[in-house]
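The values are calculated or read from the model by the stated rules, or taken from the named source; none is laboratory data. Given the structure is predicted, the values throughout are model-derived calculations rather than measurements. All Cβ positions, glycine included, derive from the backbone under ideal geometry; neighbour counts span all protein chains shown. We work out accessible area using only protein heavy atoms, side chains counted, and drop any ligands, DNA or RNA first. Shrake-Rupley method; radii C 1.70, N 1.55, O 1.52, S 1.80 Å.
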Amino acid sequence: MLRTAWVLTYGALLTAAYASWALLTGLFRPAKALCRCDQLARRWGQKIVRASGSTVEVEGAEHIDPDQPHILVGNHESWFDVFAVLGHLPGRFRFVAKKELARIPIFGQAWRMCGHISVDRSDRGSAVHSLQEAAGRIRSDRLTIVLFPEGTRSPTGALQPFKKGAFVLGIQAQVPIVPIAISGTRPVMPKGSFFIRPGRIRIKVGESIPTKGLTHEDREALLQRSYRAVAELKESIGGGSSPVGEFAAPE
C-alpha cells in the first residue's frame, strides 16, 4: 500500500514536472523541443519503473536501429508496458493512443507538442486521418511509432486479437514492423487495479518484418504474421501461449 501511494504521488509530480519542462522548451527553444521530449520521456519511463521497485531486462535490442524508422507492435498488459518501452528500448518513440490522453491538463498539451498521435476510436474517418498523419511523421522525422494492436490492456495476460490499424500504417509508411513481447508488467500493475508491486519485467524484440512493396490487400497477411511473431516471443519469455487462429478483431 505504501509503495503504491509513493509511486502514484511521485509519478504524478514527475509527470507534471517533465510535461511542464517540455512545454517551456517548446515555447522558448522550439528548435530543441523534440530532442528534449525524447530525453525527458526516457528519463520518465526509467524513473517510474525504478520507483516501483521493478527491473527491466531487454533481449534482442539489436533488431531496432535507432537511426531508422520502424513500427513497434507488441502485447499490452499494463500501463508499465509504456514506461518499460520508453525507458529501456533504443530509438525515438512516438505512441499512437486514444484521444482521451490528450485531454489531460499539462500532460495532454505536452503529449501533442512532442508529436504523439491521438486516435478517436469512435470516429472512423478521424482515426484514418490520424494514421495518415502518423505515416507522414514516420517518413519525415524517421521516428519509431509504438502501437499495441490489441487495442486495450489484456485483463488475463492472454494475447488478444489484433486490430488492423498498425498494419495499415506499416504499409502506408513502407517501414518495417518490429514485433516485441513484454512479460512481467501485469503483476506490477494489472488492468483494473491501482496497486503497484515490484517485479521483473522482460522485453524481447524480434526480427523486423518488411513491408516494402506491400499494398492494402496485404494487410491481413501482415497482421497474421505479426501476431504469430508476438505470440512466439511472448511464449519464449514465459508470457504464456495464445490461441491459434484468433488474429484479427473487428475494425
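Brief remarks on what is shown
- Shown are TYR227, TYR10, TYR18, whose ranking by accessible area with a 1.4 Å probe and every protein chain present, most to least, is TYR10, TYR18, TYR227.
- Among the cysteines of the chain, CYS35 have no other cysteine beta carbon within less than 4.7 Å of their own.
- The calculated 222 nm mean residue ellipticity attributable to helices in the chain amounts to -14000 deg cm²/dmol, summing -39500 (n - 2.57) over DSSP H runs of n ≥ 4 and dividing by all residues.
- In sequence order, calculated HN-Hα J values of region 86-92 (Karplus, 6.51, -1.76, 1.60; Hz; x Gly/Pro): 4, x, 9, 9, x, x, 9
- Amide H partners (placed H, <5 Å) of PHE95, local residues excluded: ILE117, VAL146
- When the trypsin sites (Lys or Arg not before Pro) in region 133-225 are filtered for DSSP coil states and for at most 12 other beta-carbon atoms within 10 Å of their beta-carbon, the remaining sites are LYS212.
- All lysines inside 23 Å of LYS47 as judged from Cα atoms, apart from same-chain residues fewer than 8 positions distant: LYS32, LYS191, LYS204
- Amide proton proximity set for SER54, modelled H, under 5 Å, gap of 5+: GLY199
- The 3J(HN,Hα) values that the Karplus relation (6.51, -1.76, 1.60; θ = phi - 60°) gives for region 6-11 are, in residue order, 5, 5, 5, 5, 4, x Hz. Gly and Pro appear as x.
- Region 60-217: relative contact order in percent, alpha carbon pairs under 8 Å with at least 6 residues between: 33 percent
- What a 1.4 Å probe finds exposed on the chain is 57% carbon and sulfur by accessible area, rounded to a whole percent.
- Per-residue surface analysis assigns THR55 an accessible area of about 80 Å², computed on protein heavy atoms at 1.4 Å probe radius.
- Excluding same-chain neighbours fewer than eight residues apart, the lysines reachable from LYS212 by a Cα-Cα span under 22 Å are LYS163, LYS164.
- Residues whose amide H falls under 5 Å from that of GLY60, counting only those 5 or more places apart or on a different chain, are VAL205, with hydrogens built in the peptide plane.
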